[in-house]
Amino acid sequence: MGSDRDPATHLHHAFVRGGRLTSLPARRPMLEAACAFLAERFEPDRLYDENEVNAILADDAPDPATLRRLLVDHGYLGRRNGGAYWRERPTPPPPPPGADAADR
């Protein structure tokens, strides 16, 4: 993958079939694009319980809890004690200054 390729575009070509994520990319920019792709399924300004989040992500992984934790860890979903979730941000952050070109 060239360093000038848009991660979101590449994600859709390589990792999305039928509107669903087929696997998780390993490179960080692609993983961020995958998180942004999954986060699009959640409405802003709405609370979801854990079962709702799992149901939304169920078609993308045999274990939706892994995707749920990934979205929380990467800041795309917020989580409150008690299992309330919400969409945090609509798009991935820009790469940090000096990010390794091999990761782009």
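The values are calculated or read from the model by the stated rules, or taken from the named source; none is laboratory data. The structure displayed is predicted, hence computed values, not measured ones. So basically every Cβ, Gly included, is an ideal-geometry build from the backbone, and we count neighbours across all protein chains shown.
Can L11 be described as free of Cβ contacts under 8 Å to residues at least 40 places away in the same chain and hydrophobic (A, V, I, L, M, F, W, C)? Spelling it out, L11 is indeed free of Cβ contacts under 8 Å to residues at least 40 places away in the same chain and hydrophobic (A, V, I, L, M, F, W, C). Scanning region 36-54 for residues that are in contact with a Ser or Thr (Cβ under 7 Å, 6 or more places away or on another chain) and at pLDDT 95 or above returns no hits.
Quick one: is P29 farther than 15 Å from R87 by Cα and part of a loop (DSSP other than H, G, I, E, B)? No; evaluated as a whole, the condition is false for this residue. Restrict the check to region 36-43 and report whether at least one residue is surrounded by 13 or more Cβ atoms within 10 Å (Cβ to Cβ) and over 17 Å from R69 (Cβ atoms). No: region 36-43 contains no residue that is surrounded by 13 or more Cβ atoms within 10 Å (Cβ to Cβ) and over 17 Å from R69 (Cβ atoms).
Quick grid of which residues meet (1) aromatic (F, W, Y); (2) surrounded by 13 or more Cβ atoms within 10 Å (Cβ to Cβ); (3) at pLDDT below 95:
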position: T9; (1), (2), (3): no, no, yes
position: R17; (1), (2), (3): no, no, yes
position: P29; (1), (2), (3): no, yes, yes
position: E32; (1), (2), (3): no, yes, yes
position: R68; (1), (2), (3): no, yes, no
position: E88; (1), (2), (3): no, yes, yes
position: T91; (1), (2), (3): no, no, yes
position: A102; (1), (2), (3): no, no, yes
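Please work out if G75 is at pLDDT 85 or above, on the phi > 0 side of the Ramachandran plot and either loosely packed, with under 11 Cβ neighbours inside 10 Å or outside any helix (DSSP H, G or I) (or both). For G75, the condition - at pLDDT 85 or above, on the phi > 0 side of the Ramachandran plot and either loosely packed, with under 11 Cβ neighbours inside 10 Å or outside any helix (DSSP H, G or I) (or both) - is met.
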